[in-house]
1. Please state the Cα pair-distance histogram of region 1-83 with 5 angstrom bins from zero: what percent is in each bin?
2. Spin-label point model (7 Å from Cα, Cβ direction): what's the R139 to A120 distance in nm?
3. Quick check: residue separation of E57 and D207 times 0.36 nm, minus the Cα distance between them. What number comes out in nm?
4. Give the dimensionless ratio obtained when the Cα radius of gyration of region 124-244 is divided by 2.2 N^0.38 Å.
5. In region 145-198, if the dipole is taken from +1 on Lys/Arg beta carbons and -1 on Asp/Glu beta carbons about the Cα centre, which of P150, G187, N173 is farthest to the positive end?
6. Using the crude model of +1 on Lys and Arg Cβ and -1 on Asp and Glu Cβ, and no other charge, please compute the dipole size for region 25-144 relative to its Cα centre, in debye to 20.
7. Using a Gaussian network model of the chain whose springs link C-alpha atoms within less than 10 Å, name the residue from T232, T164, T143 with the highest mean-square fluctuation.
8. Given the DSSP H assignment, sum -39500 (n - 2.57) over each helix run of at least 4 residues in the chain and divide by its residue total; what's the result at 222 nm in deg cm²/dmol, nearest 500?
Amino acid sequence: MEALVPRPPSGRTFCVGYRIRLSDADASGRLRLDAVARYLQDAAIDDVAETNWGAPEHLWVLRAVRIDVLTPFLEDGEVDIVTWGSGFSSLAAGRRWSLTGNAGGSIEVDSTWIHLGPDARPARIGAGFDGYAEASQGRVASTKLTLPVPAVDGNRVAWPLRATDVDRMGHVNNAAYWTAIEHRLVGRAPDLRRPHRARLDYRHPLDLGEQVEVAEDSSDARYGAAFVVGSTVKAVAWIEQLTS
């Protein structure tokens, strides 16, 4: 798999730090994937708030994300985050994050976001995005989805949505998908206390009231999940163990 792009020598970067709170870790002290997803989202929102590339004029919908947990956060109480643009196209942009814990935790993330206008429809990014585009160093942001879909006619379990899963955009928040993954992986492989890669493709929004099922495919070192409503695959996630 392609290596994640390094921190750029020029262009915009944004740094922020957060304390790891009680509800962000599991019973063993490991920083959970849903908490990581919230940190990523918060850092991105704080970034665009400084540059006027945030709501309400500009909306961003996550298309795909790759989270490489190189050293799991097990004893860390704080996380420092650096984020920058990793790709650029007329309707989409890539965003990288680098997360470092105060006790050795290390996570590297890349993602693709689709740009929407105030009417919530895809819109050209246009002028004024120079700092992010410069940081991407000519790389193109692709919205193509690449994750294979687990067999949806196999093992399926219901995943009831909660009102608290819905954010201000009216759809199930990105972090809620990882909550389902965390729940389903308790006591199963892959071991999230060891290095792992977590990827998720967002195909269609999930809305409160939909009857969601999770179709699963698992082995000793890999776990796949499709979030399915009827015959429609809304999102696909894969988690795999990383080896040195």
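1. Percent of Cα pairs in each bin: 3, 11, 21, 22, 21, 14, 7, 2, 0.
2. The two pseudo-label positions are separated by 3.1 nm.
3. Separation in residues times 0.36 nm, less the Cα-Cα distance, equals 51.7 nm.
4. It is 1.22.
5. About the Cα centre, the residue reaching furthest to the positive side is G187.
6. Around 640 debye, computed over region 25-144.
7. Result for the chain, Cα springs under 10 Å: T164 fluctuates most.
8. Calculated from helices alone, the mean residue ellipticity at 222 nm is -4500 deg cm²/dmol.
The values are calculated or read from the model by the stated rules, or taken from the named source; none is laboratory data. No experiment lies behind these values; they were computed from the predicted model shown. Glycine gets a Cβ as well: all are built from the backbone with ideal geometry, and neighbour counts include every protein chain shown. The area values use the complete protein model at the heavy-atom level, side chains included, leaving out ligands, DNA and RNA. Shrake-Rupley method; radii C 1.70, N 1.55, O 1.52, S 1.80 Å.
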